[in-house]
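Trainee: Just passing along the structure, written as structure tokens.
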Amino acid sequence: MRDQPPYLPPPEDVLEIGAPEQFAALAHPLRQRLLFALGHRPATVRQLAGQLAAKKGNVAHHLKVLREAGLVHIAETRQVRGGTEQYYQRTARHMVVAEPQAAGTAAMLAAFAQELDLSPAETHLTLRHLRLSPTKARELGEALAKLVDETEENAEDQPLHGVLVALYQQALPPSPPGSAPERPGR
């Protein structure tokens with residue numbers, strides 16, 4: 001963007017999401033799109049509205065919610081034509097859900113589903129269950145994180161793609177009353 005001031009990178013590398021207001025903020029698809037848009041550089045309400053084809057009032061409202069949840073901050077202000085222009089930026093380069101809870105996870109997945117519905121391109125969605133040792137599960141998690149972190153091209157003229165990565169251990173079904181508990185490895 002031509003009228004972009006110089007800026008510092010986000011103040012944090014990783015932000016752990018865990019507060020209810022953060023889950024609530026992430027539950028709206030426009031807020032997730034705003035966070036995606038702010039992933040590379042700060043932007044004004046006007047710039048974000050143009051980029052996301054949204055009304056400036058909606059963008060301003062949702063930025064306020066994200067700011068109150070600690071997910072974005074004002075990185076820079078500039079005087080422009082008698083007014084003040086605020087540049088919003090994510091508070092962290094990466095955001096991870098520290099301890100997923102059902103309500104927050106459901107809200108985030110609902111917003112993710114809406115994003116998939118809006119996608120103009122074919123999407124890839126796979127759910128697999130794998131039998132992995134704790135060591136192999138940790139290695140897979142690290143490899144997935146590295147793959148996502150290193151894949152970005154940083155080409156301004158290319159479309160944005162959303163990536164949702166989840167690795168979890170499937171819960172065992174509860175044992176019927178009076179039965180012996182199942183031993184690990186069976």
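Trainee: Show that you can apply the helix-only estimate: for the chain, add -39,500 (n - 2.57) for every DSSP H stretch of four or more residues, divide by all residues, and state [θ] at 222 nm to the nearest 500.
Mentor: Mean residue ellipticity, 222 nm, calculated: -12000 deg cm²/dmol.
Trainee: Work out how much length Glu152 to Leu164 would gain on full extension: take 0.36 nm times their residue separation and subtract the Cα-Cα distance, in nm to one decimal.
Mentor: 2.9 nm
Trainee: Given 0.36 nm per residue, what is the gain on full extension from Val80 to Glu16 after removing their alpha carbon distance, in nm?
Mentor: Extra length from Val80 to Glu16 when fully extended: 19.5 nm.
Trainee: What's the extension gain from Leu132 to Asn58 if we count 0.36 nm per residue and subtract their Cα-Cα distance?
Mentor: 22.2 nm
Trainee: Projected onto the charge dipole of the stretch 109-159 (+1 at Lys/Arg Cβ, -1 at Asp/Glu Cβ, origin at the Cα centre), which of Ala143, Ala111, Leu132 gives the Cα projection farthest towards the positive end?
Mentor: After comparing all options, I get Leu132.
Trainee: Sorted by mean Cβ packing within 10 Å, highest first, what order do the peptides 56-63, 120-127, 12-19 take?
Mentor: Averaged packing, sorted descending, gives the order 56-63, 12-19, 120-127.
Trainee: Still on this structure: Quick check: pseudo-label points 7 Å beyond the Cα along Cα→Cβ at Leu144 and His73, how many nm apart are they?
Mentor: So the two model labels end up 3.0 nm from each other.
Trainee: Rg (Å, one decimal) plus Dmax (Å, integer) for the alpha carbons of the chain?
Mentor: According to the Cα coordinates of the chain, Rg and Dmax are 19.9, 76 Å.
Trainee: Can you list the HN-Hα couplings for the stretch 69-76, worked out from phi with the Karplus curve (6.51, -1.76, 1.60; θ = phi - 60°), rounded to whole Hz and with x for Gly and Pro?
Mentor: Result, ordered by residue: 8, x, 9, 9, 9, 7, 8, 7 Hz.
Trainee: For Ile17, which sequence-distant residues (separation of 5 or more, or a different chain) have an amide H within less than 5 Å of its own amide H, given hydrogens modelled in the peptide plane?
Mentor: Residues meeting the amide H criterion: Val96, Val97, Ala98.
Trainee: Let me ask something else about it. Hey, which lysines would be in cross-link range of Lys56, C-alpha to C-alpha under 29 Å, not counting anything within fewer than 8 residues on its own chain?
Mentor: Straight-distance partners of Lys56: Lys64.
Trainee: Could I ask something else about it? Express the relative contact order of the chain as a whole percentage, based on alpha carbon pairs under 8 Å and six or more residues apart in sequence.
Mentor: Answer for the chain is 26 percent.
Read-outs: derived from the displayed coordinates by stated rules, not from any lab. Because the structure is a prediction, the values reported are computed rather than measured. Because the Cβ atoms are built from the backbone with ideal geometry, glycine has one as well, and the counts that use them run over all protein chains shown.
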